[in-house]
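The values are calculated or read from the model by the stated rules, or taken from the named source; none is laboratory data. Fair warning: this is a prediction, and the values are worked out from it, not measured in the lab. A quick note on method: Cβ atoms are made from the backbone with ideal geometry, for glycine too, and the neighbour counts reach across all protein chains shown. Just the protein is used for accessible areas: all its heavy atoms, side chains included, with ligands, DNA and RNA removed. Shrake-Rupley method; radii C 1.70, N 1.55, O 1.52, S 1.80 Å.
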Amino acid sequence: MRDDTNAIHAEGLVKRYGGTTALAGVDLAVRPGTVLGLLGPNGAGKTTAVRILATLIRPDAGHATVGGFDVVRQAHQVREIIGLTGQYASVDEQLTGFENLLMIGRLLGLSRPSARARARELLARFDLVDAADRAAGKYSGGMRRRLDLAASLVGNPRLLYLDEPTTGLDPRSRNEVWDIIRGLVTEGVTVLLTTQYLEEADQLTDEIVVIDHGRVIASGTPAQLKARTGAQTVTARPALGTDLEKLVAEVRRVASGTVDVRGDVVVAPVTDPGALTALVRRLDDAGLAVAEISLRNPSLDEVFLSLTGAPA
């Protein structure tokens, strides 16, 4: 069944490995020109889903289309319109950055002049011109990840699968990759992103699907998923360390759940919209001075914990 509405459409995907069920009926729908984040604990089935959508393995049941093409019956057409970047850079460390991109261009059927031009274009776009003639094995982690992303774009894919693309990168390199992804989306590229970094999903995704034990357990925009927890978080730190226990007692009076002490900071969930105002009044009446006090919406880390029962 051809689906031209969604860039990616999957229904009831099942994949088993012996007695282990990696996917137990997963549904996905990704709108063109958007980023879908696929989240879940290790072993939840995220990479298996990506491998099916990339035509690397076949599902045992269910069906999926990518760009309107069936991933089983029209696998060749699917491969022509997708790019894939895995958890680890797949470039040849013995070849230079330019040679890596040239080789991929030639493998994709580009003429030598076209492949050379495309390689130079991507090296400039990913700020790798100065390292173009250096062996990829001598690149830093961030440079190798940018080269890997460039390699996945040689064929101008309409859809890009990013399987934990910033694993192991420092914050600066991670931000550089985020900027690249945002730029691709503004150009109309559809992105399927799996990540272990909840901040990354919050920054980049339009919608999120959470998988656990091979099943979809939640989906929606980041804001919608945060709203599902039904609680905000109050954070307070006493001006004097000796007042910590007294502050915990006051926070407990307005909290809707367990009060957590992290160093000298008191953190607790609240559901009453007036909780912060009530806490400030209690602290004033008790003569307790605070160096910090705030009320914030739940983070995706907290949503993840509430959904899966495990931290991200």
Checklist entry - Going through segment 119-137 one residue at a time, which ones are touching a helix residue (DSSP H, G or I) at 6+ places or on another chain (Cβ under 8 Å) and open to solvent by 60 Å² or more (accessible area, probe 1.4 Å)? => result R120, R125, D127, V129, D133, R134
Item to check | Which numbered condition T85 misses (of (1) of a type in the set (S, T, N, Q); (2) surrounded by 16 or more Cβ atoms within 10 Å (Cβ to Cβ); (3) modelled with pLDDT of 90 or more; (4) in contact with a strand residue (DSSP E or B) (Cβ under 7 Å, 6 or more places away or on another chain)) | outcome: (3)
Checklist entry - Which of the strands (runs of 3 or more DSSP E) contained wholly in segment 255-312 include at least 3 residues that are in contact (Cβ under 8 Å) with a residue 60 or more places away in the chain? => result 290-296
Checklist entry - Do we have any residue at all in segment 183-196 that's assigned to a helix (DSSP H, G or I) and in contact with a helix residue (DSSP H, G or I) (Cβ under 7 Å, 6 or more places away or on another chain)? => result no
Checklist entry - Inside segment 202-228, can you point out the residues that are of a type in the set (V, I, T) and open to solvent by less than 50 Å² (accessible area, probe 1.4 Å)? => result T205, I208, V209, V210, I211, T221
Checklist entry - If a residue has to be open to solvent by 20 Å² or more (accessible area, probe 1.4 Å), under 25 Å from A117 (Cβ atoms) and not aliphatic (A, V, I, L, M) to count, how many in segment 142-181 make the cut? => result 7
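Tell me yes or no: at least one residue of segment 109-118 is under 17 Å from S152 (Cβ atoms) and either open to solvent by 30 Å² or more (accessible area, probe 1.4 Å) or at pLDDT below 95 (or both).
Checking segment 109-118: at least one residue is under 17 Å from S152 (Cβ atoms) and either open to solvent by 30 Å² or more (accessible area, probe 1.4 Å) or at pLDDT below 95 (or both).
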